[in-house]
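Before any comments, here is the structure.
Computed from the coordinates by the stated procedures, all read-outs in this text should not be read as laboratory data. All of these numbers come straight from a predicted model, not from anything done at the bench. Cβ sites come from the backbone with ideal geometry, for glycine too, and all protein chains shown count toward neighbours.
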Amino acid sequence: MVGERIRAGLADYRTLAAAKLRSDWQYRAGFVAMFASTVLVTAMDFAGIAVVFTKTPELGGWTFRDVAFLYGVAGVSFGLADFLVGSVEQISPRVRTGVFDMLLIRPVNALVNLTASEFTFRRVGKVAQALVVLVVATAVADIEWTLGRILMLPLTIVSGTVIACATWVITASIAFFTVETQEIANTFTYGGDLATSYPLHIFESWLRVLVTYIVPLVFVSYLPALYILDLETPLALPSWLRFASPLAAVAMVVVARAVWRAGLRHYRSTGS
Amino acid sequence: MAGVVETRDLTKTFTVRAKAGRVRRERREVVAVAGIDLRISSGEMVGYIGPNGAGKSTTIKMMTGVLTPSAGTVRVLGLDPITSRVELVRRIGVVFGQRTQLWWDLPLRDSFDLLRAVYRIDPQRYHANLAAFVDLLDLGPMLDTPVRQLSLGQRMRGELTAALLHDPALVFLDEPTIGLDVVSKHAVRRFLAEMNRDHGTTVVLTTHDLADIEQLCERMVIIDHGRIVHDGPLEEFRIRHGTQRTVVVDLEVEGPPLQVPNTTVVRVDGARQWLSFDRTVTTAAAVVAAVVALRPIRDVAIEEPAVEELVRELYERGGGA
């Protein structure tokens, strides 16, 4: 029953996202320009980190290669999440104008309908850029590959993607209660990306607490990277946390599901 | 047999936060739908009308799983619209005339094909239905045109097809003829009548154009201030509320307003005079006879008030029947 619903949801997502892609392709020039600008902007993003390392050989004890690896892991996870459900941010105008109603009169899961209907292909540029960094960083990084570490890498990417997806769904759900969510969402979308691209222990403690316990972004890259790169952390964190990313992902999905449902219930009881 | 739509004491209240002072906001409860009991049987065509803000759309939204009722119950096709939303909307069709459910930048044909996938319509049935709709609504020439380039009338024909492709047992149409020209309106009405006759599709129609109701619906439900103020055949409404009639006479020669008992001259235009009377007080025959006794006449006609006029009067009286 649940498996069937997930299959139906994925099939609907494919159908609707493909339709959006075809729609966007009607405006080819704009499509190509937007795609190019996305690739350029994300490339600049990594250049920022490289610039930091022209001034210092290490950041919190991490080399440029280590941080590049960290950036790659975080970038691929956030990129994939952005690619798949990033368009959930489009909820705000839809709720404000009541167009959200139109999503509910279709026999499709409302979240699938929203994210797939607003699917934006150019976001793949971010995944591609991060993937290049990750592949290069993995190749040049000083990693002692064991079976555990080989398995840990894809598991980390999957968990990180799920955590990022859940984070966006949660922040977007706020739109059901108040329409001005864009700024709050951006804090996590782009701020989260930044926080996971640098070694956690270089940040102030309040930010560390925020991204560890409040919004568990630290599970996206930092903790599993400690294991894969075999690095010590100056933070007093229990060592099992390095393997806890899948658990964090499951927990985030549970929370996201509850928040989304509460939001939907609220929308349905207030109307547009 | 169970009703296709059954509501009992269906109620919806909204909490409105109004500004009261610089920062303070006041919460106020607004009753949009105030206890509606409605039962619609299979195969009915029901006109659901009311002035703006009467609660029409809110009722429809509660029936389609978009809004949760504050109190009371609603069952549509035997299902709870909120808990069984996906299952329900698979079996109903919805057209919100002011919003599109088509893919704006894609050819009309693509929208239909996408709906086939989303509603999991059997391919054979889909092709048969589409062929029938193309024929009935003359969609052929516009199938390959992007929706954004269609005229409003063309688009509405596309919307109707989109809402009916999956053979819904029940369709909700919110203002399906709004902004359409006479030809398109006629096409839409004829199509709905045929769907109802040939497939037994139950139709719930909200509209501001009462001609839609007069031509399509045997039953008219009027809602005002969230309550049903009339529910019954259109004819019954006319009889109950339309007691005023008018006799129009063309006199041989112009003259002052006629003095006929139980009538009022409401208008004079040259030799033509309009005499209004209450048919519960006197009859058209008596009025005509009285006129003939006074002055020679050339022609006579009796006017019934338009339903539109009656409904407007009902709204203005504030609904209380």
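Some observations on this one:
- Volume per residue for the range B:1-128 equals 173 cubic angstrom (convex hull of Cα atoms).
- Percent breakdown of C-alpha pair distances by 10 Å bin, ordered from the shortest bin, for chain A: 7, 28, 34, 22, 9, 1
- Percentage, to the nearest whole number, of Cα pairs in the range B:204-278 over 18 Å apart: 57 percent
- Kirkwood hydrodynamic radius (C-alpha pairs) into Stokes-Einstein, the range B:5-239, 25 °C and 0.890 mPa s, D in µm²/s: 131 µm²/s
- Long-range lysine pairs (8 or more apart or interchain), the protein assembly as shown, Cα under 27 Å: 8
- Per-residue [θ]222 nm for chain A (sum of -39500 (n - 2.57) over DSSP H runs n ≥ 4, rounded to 500): -23500 deg cm²/dmol
- Counting only DSSP beta bridges whose two residues both lie in the protein assembly as shown, roughly 70 percent are antiparallel.
- Note on the range A:1-73: percent of Cα-Cα distances in each 10 Å bin, starting at 0 and stopping at the bin with the largest distance, equals 16, 24, 20, 23, 16, 1.
- Assigned charges on the beta-carbon of Lys, Arg, Asp, Glu; the protein assembly as shown dipole about Cα centre (debye): 1120 debye
- Point-charge dipole on Cβ atoms (K/R +1, D/E -1) for chain A, about Cα centre, debye to 20: 980 debye
- Of all DSSP beta bridges in chain B, antiparallel share, percent nearest 5: 70 percent
- Placing dummy labels 7 Å off each Cα toward the beta-carbon, the span from residue B:9 to residue A:14 is 4.9 nm.
- Label sites at residue B:286 and residue B:198, each approximated as a point 7 angstrom past Cα along Cα to Cβ, lie 5.1 nm apart.
- Residue order, fewest to most beta carbons within 10 Å, for A:222, A:267: A:267, A:222
- Taking other Cβ atoms within 10 Å as a rough exposure proxy, A:145, A:260, A:206, B:104 sort from fewest to most as A:206, A:145, B:104, A:260.
- Within a Gaussian network of chain B (alpha carbon springs, distance under 10 Å), most fluctuating of B:40, B:297, B:222: B:297
- The charge dipole of chain B, taken about its Cα centre with unit charges on the Cβ atoms of Lys, Arg (+1), Asp and Glu (-1) only, comes to about 1520 debye.
- Relative to the globular-protein estimate of 2.2 N^0.38 Å, the Cα radius of gyration of the range B:243-304 stands at 0.98.
- Normalised by residue count, the range B:60-166 yields a Cα convex hull volume of 107 Å³ per residue.
- For chain A, built as a Gaussian network whose Cα springs stay under 10 Å, the top-fluctuating residue of A:196, A:63, A:120: A:63
- Seen against the Cα atoms of chain B and their longest principal axis, helix B:182-199 is set at about 70 degrees.
- Spatial extent of the range B:275-314: Rg and Dmax, with the Cα atoms as the point set, Å: 12.8, 38
- Based on Cα contacts under 8 Å between residues 6+ apart, the range B:5-239 shows a relative contact order of 27 percent.
- Charge tally in the Cβ shell below 15 Å around residue B:253, where Lys, Arg are +1 and Asp, Glu are -1, residue B:253 excluded: -2
- Chain A: relative contact order as a whole-number percent, Cα under 8 Å and 6+ apart: 26 percent
- Share of pairwise Cα separations in the protein assembly as shown, more than 36 Å, in percent: 52 percent
- Calculated FRET value between residue B:254 and residue B:309, using beta carbons and R₀ = 22 Å, to 0.05: 0.20
- Helical segments meeting 15 Å axial Cα length and Kyte-Doolittle -1.0 threshold in chain A (DSSP H): A:2-25, A:28-55, A:64-85, A:124-140, A:147-173, A:182-197, A:245-270
- Counting neighbouring beta carbons within 10 Å and listing from fewest to most, the residues B:142, A:102, A:44 come out as A:44, A:102, B:142.
- Here the simple spin-label model places points 7 Å from the Cα toward Cβ, and for residue A:136 and residue B:125 these points are separated by 5.5 nm.
- Since only B:258, B:186, B:45 are under comparison, the one whose Cα sits farthest along the positive direction of the charge dipole of chain B, derived from C-beta charges on Lys, Arg, Asp and Glu, is B:45.
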